Structures are given as C-alpha cells and as structure tokens.
Amino acid sequence: MSLKNVAIVINRLYGVRTKIRVFSTVINFLISRILFFLILRVSRRIVVLLKTPSMWRSEICSIHLNCLLGKSFENIKSVFRPLYMPFINRYKFRRENKAFNNFGNTVLLKAKDALEEIDVHFWLDFGTLLGVYRDGKLIGHDTDVDIAIFLKDYSPKIEEAMQKHGFSYTHRIDIDNGTKALEQSFAYKDVAIDIFYYTQQGDQNVCHLFPLNKQKERVCREIYTTFDGFTTIDFLDTQWQIPKNTEQRLSDTYGEEFRIPIKNWYTPDDALNSKLTNDICKETKYN
C-alpha cells in the first residue's frame, strides 16, 4: 500500500485530535533517531581518536542504548522541541480552525437542542458572544464554541443530553469537586464546545479559566464580569440568550476596542478582567 493510500485510510478512520497526536509522535521519533545516530557517530570518533579504554567504551555503549530506548533522551528533545513545536501547533490550529469553520454553527445548534431538551438555561459567552454580537457570525479565526451556565444549574443530565445529541465528553476541570468552579468540554465533528459555569456575586458573574503554565500545569484564573440580566439576539434563524449589558461584558474582557479583531488573542491569559488565584484544580480527561 502506498503512503498516499495509508494517509487516506488514516484520514478516514481517525479524527483531528488523533492525527495531531500521531503527527507529533512521528516527529518526536524521527528527531530522536536522527540525534541518536549523530551521537553514535561522534562518540565513535572520540573512541578512535582518544583510544578510549574498554571501561569507557562500555559506558558509551550504555549511553547509546539508553538513547535508543528513549530513557536519557528527554533533555536532548527539550532543546529541540522549540524548533519543531511551532510547526505542530500551526498544523493543529489549521485543522481545528478548518473544522470550526465547517461545523461551528452545527455544533452551536446541536448544543442548543440538547440543553433546551433538559430545560437548562445557557447563554453565549467569550469568543462566541463576541463574534455573534460584533460580526453577526462566529469568528473566522476561532477554533471552539463558548457557552455559559450558572453553576447552581449544573446536573449530570447535561453530560447525558450532550452525549445523546452526538457529542463526546472530552474533559472536565473543577475546584472542590465542582462546588466552587467547573468547566466542561465536549466535541462534535472535531469541534470543541466549552461550557463555563458562573456564580453570581452581587452585580457580577464569576467563572474560572484554567490555562497551562510554562511547566504544563493547570493554573486557576478568576473572571469577573458585569451582570444585569439577559436579553436575546437573532442568529442562525433562532433566538439566543446573551447578557443584557453585552457591550460592557465584552469591554470587561477584551477592552473598549473589542470591535477591532485580534487574531492572536488568548482569553485565559489576555482577559483584562481576570486574576490568578491559589486554588487547586483537578482535570479529568475522558477522550
């Protein structure tokens, strides 16, 4: 079977997330093997030039074996990771963005059907709210759908309803087992939809985001948004709940110039109305 045919089979059998993992694994493997053989050649020359004693040769062979098995290679890979990870991340973004532009509206409509079926109140939030309110459509350079629910309205029926309508449950992040904060992610047609859970504190709504730090560990950021009830907006020939003071809500997070698109905006880090907390969160991955 040709490489082209193999690629076609993989493309049909696996989703975007799996292909990204396979691509990343292949790149890591190829780089590790190339560096291994470079190390092997250099060390052989050292052995010849310095007439290395047999006890040193055995140590070098041990290092070679460890490299081959991947045991002592992590430090070397960490040096080269900044060189190839941008390509992997770019590939990941393009695939996710393509899926989002093809099926984002479908994902939003299916989520609406699922949540209305169990009578759960939700509203558009973050990038989805920004796109629908500002542009009358989902943001073209986005990769996921964002909606919000009050934490007091959470129920396991939400997962059941979403899965009933074809969504896969991908992960959950919470604080204090979901009693203080909760975020859930689902996926359909390789498009993620994030559900952010809010609590009311006076005239503000509060939710939590969980970005990764440089050590690839989850940290907690608290988001405060102005809240004054809800109104509706027409989109995709139906009505959607949005904050009554949407312009203030968007200004809180994106600044007063929220009407100017910013392609490299990353809300968990860039939101103007967020702050780091010392809360400990727990992440559970399902797919």
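The values are calculated or read from the model by the stated rules, or taken from the named source; none is laboratory data. Computed from a predicted model, the values in this text were never measured in an experiment.
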Unmet criterion (only one of (1) of a type in the set (S, T, N, Q); (2) more than 30 Å from Phe235 (Cα to Cα); (3) at pLDDT 70 or above) for Asn101: (2)
Residue in the stretch 211-228 that is of a type in the set (A, V, I, L, M) and under 16 Å from the mean Cα position of the chain (by Cα) present: yes
